[in-house]
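Visitor: Can you read through this structure? Questions will come right after.
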């Protein structure tokens, strides 16, 4: 399995890190701790860093398909593996930084690393040319 494919797996797991942070550290709108019987209701009521962690989770799910499909397209097209691996690692690092910036409320830096991740995803497709 290539490094890029391992990055796809890691990127697929990453949203669980962010939502885990939100569930462990958050309290609901009425002060309750996480209850697995109503996880969406709980997450809808968290605030602060936990709310931002939940938003990072959602954004991670949104960014994943473009990246994962790009790695598969590059593989099928026989793109240079070193370039695909480099872009995949860059994407993963940017997505980790994005989540950390989201939780820390660093909006401008978060947008910059989001752009790096997005450009990496698009760049994977260009390796197949």
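Visitor: State whether one or more residues within segment 46-54 are in a helix (DSSP H, G or I), in contact with a helix residue (DSSP H, G or I) (Cβ under 7 Å, 6 or more places away or on another chain), surrounded by fewer than 20 Cβ atoms within 10 Å (Cβ to Cβ) and in contact (Cβ under 8 Å) with a residue 24 or more places away in the chain.
Guide: yes
Visitor: Further question: Go through segment 73-129 residue by residue and tally those that are closer than 30 Å to residue 22 by Cβ, in contact (Cβ under 8 Å) with a residue 12 or more places away in the chain and not in a helix (DSSP H, G or I).
Guide: 1
Visitor: Scan segment 18-36 and tell me whether some residue there is in contact (Cβ under 8 Å) with a residue 60 or more places away in the chain and part of a helix (DSSP H, G or I).
Guide: yes
Visitor: Can you find a residue in segment 82-96 that is surrounded by fewer than 16 Cβ atoms within 10 Å (Cβ to Cβ) and more than 27 Å from residue 28 (Cβ to Cβ)?
Guide: yes
Coordinate-derived values only; no laboratory data. Predicted model, so just to flag it, every value in this text is computed and none were measured. Glycine also receives a Cβ, built like all others from the backbone with ideal geometry; neighbour counts cover every protein chain displayed.
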